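> There's a structure below that I have some questions on.
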Amino acid sequence: MPNKHHKYRTVYFKRSTLIIIILITVLLNACSTINNSIKQDVKPIMVQHEIAENQLLNVSIQKFESGELPKNKEKRRGLSEEIRNAEARYIPIHLRYTLQKTGYWGNVSVLPDISDPQQNAGSEIIVKGKILNSDGERIALHVDVFDASNKKWFSKTYKETVTAENNIKTEIRKKDRFQNLYNQISNDIIKYRQKLSLADIKKIKDIAELRFANSMAPDTFSNYLGKDKNNLFYLKKLPADNDSMLQRVNTIKIREEMLVDTINNYYNLYYSDLWDSYENWRQYRSEELDTIRDLNNKALAQQLLGAAAIVGAIALGASNSGYEYNTGALESVMIAGGAYAIKAGFDTRKETNINKDAIEELDISFETEAEPILVDVNGKTMTLTGNANQQYKKWRALLSKIYREETSF
């Protein structure tokens, strides 16, 4: 007749073995799971035939919103507000280079962070964006594109993941680590542009011109534009081609464009200074994230193997019940070894330090003060100081003053 204890030992041992098998299966799955997805190369849409100058729309890209850093301490490690602020300028500048190369656009400019909607007056196409996530390996951006009438072309979220092992070759002003994402944004804007008729393009240009004129002299130009219930601008009428007031405004507009060019030269220098530090930081952080994944998988392996050793020791104790051999010492060693392996697994999860000082210093420097700009106002030299945003706002105020003085308003 079968021994009752032997039956119990057999069932217990089978259960323990099953637990070990499950643990090992989980271990294998965990160690093989790596988030490493990258889309197929996105080729930029390039113009096939030269576009007539009167059909080229100008594009204004605002400094992006920096968004919030991850609340999770683990995901936040190595990131900072200063780096996000730097990215909020870097991304529009690189997008500008991407758009310029396509041949589809007129002037493509990056504007400072402008909270007043009136400051967009005169822009034919406006691109706004927000950084949802950026950690060197993954990027997520939300982008809104409008035309001068306030009509939204599209609102879309873009995401891309590039890990260290993708070994991306980058080139300043030409190929960013996430160039697929930039190309996709550019392609989407171009696809919408391709749907426009010549009449649509002319209307956008006319509205942009009159919105700028209205921002300079609302008493004169407010009757030319209306707004519908959806907050969209529409043309009520057009001024005569030889309208002296509009000609004066267009002269003022040329001065504004010169300042925007100067500010974009600041941005270009900033981008060039930032490139190496930022690219190295992203590459290094991507490698760190890769290492952390390996360490986490190794830690998980140690923990699961440690748990398996403990279960095995308990099973061994149960299977030896009733036998004359004393395996207590072996059980103690297996349990102690398993506990040590679990502890070692947790110890392996350690903080990593990423050198980000250069990026943060550039951000603080740029945010604090830009190079003073000397401007000529009716024969008098004036100096614009402060950061790029402050200089732009001061210049806008000066333009209104110049217009009022020159037109006796």
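> Could you rank the peptides 60-68, 385-393, 194-202 by their average count of other C-beta atoms within 10 Å per residue, with the highest value first?
Highest mean packing first, the order is 60-68, 385-393, 194-202.
> Could you sort 75-85, 207-217 so that the peptide with the highest average Cβ count within 10 Å comes first and the rest follow in order?
The packing order, highest mean first, is 207-217, 75-85.
> How much of the DSSP beta bridge set in region 53-275 is antiparallel, as a percent to the nearest 5?
The answer is about 70 percent antiparallel.
> Moving on to the next point. Please give the net charge around Trp395, taking every other residue with its beta carbon less than 9 angstrom from that of Trp395, where Lys and Arg add +1 and Asp and Glu add -1.
+3
> Does region 199-240 come out rounded, prolate or oblate by the C-alpha gyration tensor, with a ≥ b ≥ c the root eigenvalues, rounded set by a/c under 1.5 and, if not, prolate when a/b is larger than b/c and oblate if not?
It comes out oblate by the Cα gyration axes.
> While we're here: Quick one: Tyr90, Tyr234, fewest Cβ neighbours within 10 Å first, how do they rank?
Values: Tyr90 24, Tyr234 12.
Fewest to most other Cβ atoms nearby, the residues stand as Tyr234, Tyr90.
> Taking the Cβ of each residue in Asp206, Asp41 as the centre, tally the other Cβ atoms inside 10 Å and list the residues starting with the fewest.
Fewest-to-most ranking of Asp206, Asp41: Asp41, Asp206.
> Can you tell me, using C-alpha contacts under 8 Å and at least 6 residues apart, the relative contact order of region 53-275 as a whole percent? It would help to have the intermediate numbers written out before the result.
Numbers: 307 pairs, mean separation 44.6, N = 223.
The value is 20 percent.
> Just order 45-56, 238-249, 133-144 by mean Cβ neighbour count inside 10 Å, highest at the front, would you?
The densest-packed peptide leads the list: 133-144, 238-249, 45-56.
> What list of ³J(HN,Hα) values in whole Hz, one per residue of region 239-245 in order, does the Karplus curve 6.51 cos²θ - 1.76 cosθ + 1.60 (θ = phi - 60°) give from phi, with Gly and Pro shown as x?
Once rounded to whole Hz, the list reads x, 5, 4, 9, 4, 5, 5.
> Still on this structure, please answer the following. With 10 angstrom as the radius, rank Asp363, Asp276 by how many other C-beta atoms surround their C-beta, starting from the fewest.
Placing the least packed residue first, the sequence is Asp276, Asp363.
Readers should treat all values here as calculations from the given coordinates under stated rules, not as data from a laboratory. Note that the structure is a prediction, hence the values are computed from the model and not measured. Reconstructed Cβ throughout: ideal geometry from the backbone, glycine too, with neighbour counts over all protein chains shown.
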